[in-house]
Amino acid sequence: MSRADIERAERLREAERAVAETGVEQWKNLVHMFFGQAERLKDAAFLWRKTEGNWQAISWGEAAKQVARLAEALKGLGINKGDRVVLVSENRPEFCLWDLAIMSAGAVTVPTYTTNTARDHLHILENSGAIGAIVSTPKLARTLMEAAYQAADCRFIIGIEPLKLGQASGKLDLHDMADLTAGQPGDVGAASTAALRIGRSETACLIYTSGTGGTPRGVMQHHGAILHNVAGCTDIIRGDFPQDGRRETFLSFLPTSHAYEHTAGQFFPIGLGGEIYYAEGLEKLAANIEETHPSIIIVVPRLFEVLRARMLKTVQKEGGLAPRLLAQAERIGRKRYDSGKIGLLDKPLDFLIDRTLRKKVRQRFGGRLKALVSGGAPLSPEVGFFFDAIGLNLLQGYGQTETGPIISCNRPAAKIKMHSVGPALRDTEVMIAEDGEILVGGELVMKGYWNNPADTAKVLTEDGWLMTGDIGLIDEDGHIVITDRKKDIIVNDKGDNIAPQRVEGLLTLQPEIAQAMVQGDQRPYLVGVVVPDAEFQMEWAAEHGADPKTLKENPAFQRAIQSAVDRVSTQLSVIEKVRRVILADEPFTVENEQMTPSLKIRRHVLRKVYGKRLDALYK
């Protein structure tokens, strides 16, 4: 064993000791964890929102009182143990407070996306049998109520903001949050005591999978699954990063209704006794990062890709020394990654880069950032190398809604591998089936899909292992390497297996291409549909005197995009090369249902829209 291996092993032992000292193992359920932290932290800031230009905090103690009041109000509406309550809200303090209150009342939270259509809401209300719903704004309430009036079991809707939607009906009672909680004492002691009756194996929430194909199913996440995730993540943060005596600070901007943000961006901070800032939106994310000085940011790969592209363009436009420094930073970073060190001749230049380029980047990210944690979809290794080179800790993880959702994560105390999703979290079992499928076992695995034993049986083995549907391997260091989704693998007409996500990832790294999907099942070669980068389109149109609105039909512009595709093909094997592409009618978005809320492409939707045109590329 090398000295580096010995040092890594010692850091991992320190991590285990550190997490043991946090008391994570003592929590009986998520509500018990929250009230315990609130009792300990009392007046410390917990949830932050920006109001009239200023960040304002709700303390842990005040949050506990509000959760108790909301839970009392729900019980007053007839909520019983095990009842389901839908929660429709953008990221804001009230989402967290209502989520905890629903669980505190012994009920089950059903978080849903703010982008849902009335049809989506109706499916979830009907499938879950929810007896009520909580919604943040009148605008979101209109779509929800269209479904709620049709749902058989839904009896009430509570507006976080005044609903102002007219009168209640005999079927559906309407309430405003402020009126509902007026006069409620908010007995934290009673609420905390009542929480002890909830077991770790009881369902905490039903999270409907965003669905890259088919009808969404309700994943029954139990308290123990999320607590397992919290303990595993705490193991990494407490053990692998220097502690500066300050509480961890999170900036929340991914949808909290998604399992990834729900656990990593909400319950993980609670487990750490940290604080959560709610971003004002993607358009103000950069400013919010500088203002809030987060120590941890939960992100998805697509945002990294966009950020990398913007940074590269900014540096090129800046000119002068900046592009050369960035190129040298990437060269030195790759050398350090490959060999674990850099040569003496590179050290002065590395020092200069650290005091200039990397310092500026760290400041842009608030100056206190420990880690950017990536999950929800595969991350291109090249993107990882880029952020590592400019001085940011980018930790790629892996998970599924069915596992709470976090299964593994790269960690600094071990060797970070950009092509892997890191080793499994503590107390998580992972093995590879004979056909290469990744199987996961442990407390993090769901009990099943809500009222869906048939689909449950398809993914859970008799002894409780989850069949993830991902193909991969476990390397010599215990890192999980994912090669592709089992159901997404393309088998060409010669029987060769091709991983589309790898090809698509390389395509979207090109400055000309924003999004891409490739196909080629039972075909002689791959073809694809691409969304040109918006900024590249405008620049190309200006340079060539073309109308931006008609670029899709412009042969010269089509050739420019194909050139980018051909550039990627030089990096691919013969069977992976993309021979021809068409230009998309519009970007892939959540609103047009061509992407999931976690920004993964919906292949079945794209094939329905572009299938005939893609087939024509083979003629």
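Each value in this text was obtained by applying a stated rule to the coordinates, not by laboratory testing. This is a predicted model, so every value here is computed, not measured. Positions of Cβ are backbone-derived with ideal geometry, glycine not excepted, and every protein chain shown enters the neighbour counts.
Listing for the model above:
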item	result
Under 14 Å, Cβ to Cβ, from GLU280 - net charge with Lys/Arg +1 and Asp/Glu -1	-1
Tensor-based shape of segment 242-386 (alpha-carbon gyration tensor, a/c under 1.5 rounded, otherwise prolate or oblate)	prolate
Candidate aspartates and glutamates - alpha carbon under 18 Å from LYS619, same-chain residues fewer than 8 apart omitted	ASP493, ASP521
Using alpha-carbon coordinates, inclination of helix 223-240 to the longest axis of the chain, degrees	50
About the Cα centre, charge dipole magnitude for segment 490-616 (Lys/Arg +1, Asp/Glu -1 at Cβ), debye	540
Share antiparallel - DSSP beta bridges, the chain, percent rounded to 5	50
Net charge of neighbours whose Cβ lies under 12 Å from the Cβ of GLU248, counting Lys and Arg as +1 and Asp and Glu as -1	+3
DSSP beta bridges in segment 461-619 [antiparallel fraction, %, rounded to 5]	75
P(r), alpha carbons of segment 491-582 - 5 Å bins starting at zero, rounded %	3, 14, 26, 22, 15, 10, 6, 3, 1, 0
Given charges at beta-carbon only (K, R positive; D, E negative), |dipole| of the chain in Debye	1060
Leading residue at positive end of dipole, the chain (Cβ point charges), from THR143, ILE102, LEU74	THR143
Rounded to whole Hz, the Karplus (6.51, -1.76, 1.60) HN-Hα couplings of segment 113-129, x for glycine and proline	6, 5, 8, 4, 7, 4, 5, 4, 4, 4, 4, 5, 4, 5, 5, 7, x
Net +/- balance of residues flanking ALA182 in space, Cβ distance below 15 Å, scoring K and R +1, D and E -1	-1
Using alpha-carbon coordinates, inclination of helix 60-76 to the longest axis of the chain, degrees	60
Residue exposure sequence - LEU307, LEU30 - by fewest surrounding Cβ within 10 Å	LEU307, LEU30
Sites LEU196 and ASP43 - FRET efficiency at Förster radius 25 Å, r taken between beta-carbons, to 0.05	0.55
The chain: calculated mean residue ellipticity at 222 nm from DSSP helix runs of at least 4, using -39500 (n - 2.57)	-12000 deg cm²/dmol
Efficiency of FRET from Cβ geometry, LYS347 and ASP463, R₀ 51 Å, rounded to 0.05	0.45
Those lysines that a straight Cα-Cα span of less than 23 Å connects to LYS487, excepting residues fewer than 8 apart in one chain	LYS447, LYS458, LYS577, LYS600, LYS608, LYS612
Packing-based order for 227-240, 258-271, using average beta carbon neighbours within 10 Å, highest first	258-271, 227-240
Percent breakdown of C-alpha pair distances by 10 Å bin, ordered from the shortest bin, for the chain	3, 15, 26, 27, 19, 9, 2, 0
On Cα atoms only, tilt of 555-569 relative to the major axis of the chain in degrees	90
Gap separating the Cα centres of segment 562-619 and segment 445-471, nearest whole Å	31
Residue-by-residue Karplus 3J(HN,Hα) for segment 264-280, coefficients 6.51, -1.76, 1.60, Hz, glycine and proline x	6, x, 10, 6, 4, x, 5, x, 7, x, x, 9, 10, 9, 9, 4, 7
Förster radius 60 Å - calculated FRET efficiency between ASP338 and ASP176, Cβ distance, rounded to 0.05	0.50
Inter-centroid distance (Cα atoms) of segment 133-192 relative to segment 237-296, Å	28
Rg [Å, one decimal], Dmax [Å, integer] - segment 105-214, C-alpha atoms	15.5, 47
LEU473 versus ARG368: modelled label distance in nm, points set 7 Å from Cα along the beta carbon direction	4.3
